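Derivation of every value follows stated rules applied to the coordinates shown; laboratory data play no part. All values reported here derive from a predicted model rather than from experimental measurement. Here the Cβ positions follow ideal geometry from the backbone for every residue, glycine too, while neighbour counts run over all protein chains shown.
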Amino acid sequence: MSHIPLEEGVPGIRSLVMYRPDTGKPLYELAQVLLRDESPLSPAERELIATYVSHKNTCKFCASSHAAAARYLFDQESGVVDLVLDDYQSAPISDKLKALLTIAGRVQEDARTVSDEDVALARSFGANDRDIHDTVLIAATFCMFNRYVDGLATLTPTEDAAYAQMGERMGTIGYVLPQKPA
């Protein structure tokens, strides 16, 4: 049960956005910009970074919903998501993405530990300033989102089917404000 009264049956951050649309709107806009707008990283890669950070933060709702979105966006290669969560260094992803996930993991643990060497390694695999910037911002933003969702004990579905539906919605329409039922 959530710590504050939220829309019944509405999981995770969606319930919080419905509770405070004035704060939810900029949060959803930020998610849309970071995860769907123009970027040198694909939407699937950006969802994977969000998933990885949420997984490391043990935020079941965000890790599960963004993993579902990443699986949807990776399409035929959807299995890569679980391989990354198991051990990203041995997952079949680019060295560039591995280096960016290392940076994201450092941001999740203690952002001050992102080193010049971490950034140089990412650059050596083709990462540019925008890739590095967006990785750090996605990681930092999802640390906040994870704490927001878990700090207010929002509804966290246990069924995989609920997350598959969320993943398809996020993968097709992105991050649009939920509406209260009429």
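In nm, what is the difference between 0.36 nm times the number of residues separating GLU8 and LEU152 and their Cα-Cα distance?
Between GLU8 and LEU152, full extension yields 50.4 nm more.
So what are the three principal axis dimensions of segment 1-55 from its Cα atoms, in whole Å, longest to shortest?
Principal extents (Cα only, largest first): 40, 25, 15 Å.
Counting each DSSP H run of 4 or more residues in the chain as -39500 (n - 2.57), what helix-only mean residue ellipticity at 222 nm follows after dividing by all residues, to the nearest 500 deg cm²/dmol?
Calculated mean residue ellipticity at 222 nm is -21500 deg cm²/dmol.
Quick one: what Rg and Dmax do you get for segment 98-182 from the alpha carbons, in Å?
So, for segment 98-182, Rg and Dmax equal 16.6, 53 Å respectively.
Using every Cα-Cα pair within the chain, state what percent have a distance larger than 21 Å.
I get 46 percent for the Cα pairs in the chain exceeding 21 Å.
Calculate the dipole size of the chain relative to its Cα centre from +1 charges on Lys and Arg beta carbons and -1 charges on Asp and Glu beta carbons; express the result in debye to the nearest 20.
Using only the charged Cβ atoms, the result is roughly 460 debye.
Please give the contour-minus-distance gain from GLN76 to ARG123: 0.36 nm per residue of separation, less the Cα-Cα distance, rounded to one decimal in nm.
14.1 nm
Just to be sure I follow the rule: in the chain, considering lysines 8 or more places apart or on different chains, how many pairs have Cα atoms under 25 Å apart?
6
Could you give the nm distance between label points at ARG112 and ALA164, where each point is 7 Å from its Cα heading toward the beta carbon?
4.6
Report, to the nearest 10°, how far helix 160-173 tilts away from the longest principal axis of the Cα atoms in the chain, using its own Cα long axis and a range of 0 to 90°.
On a 0 to 90 degree scale, this one is about 70.
7 Å from Cα along Cα→Cβ at both THR58 and HIS133: what's the point-to-point distance in nm?
3.5
Give me the angle, in degrees from 0 to 90, between the Cα long axis of helix 95-110 and the longest principal axis of the Cα atoms of the chain, rounded to the nearest 10.
60
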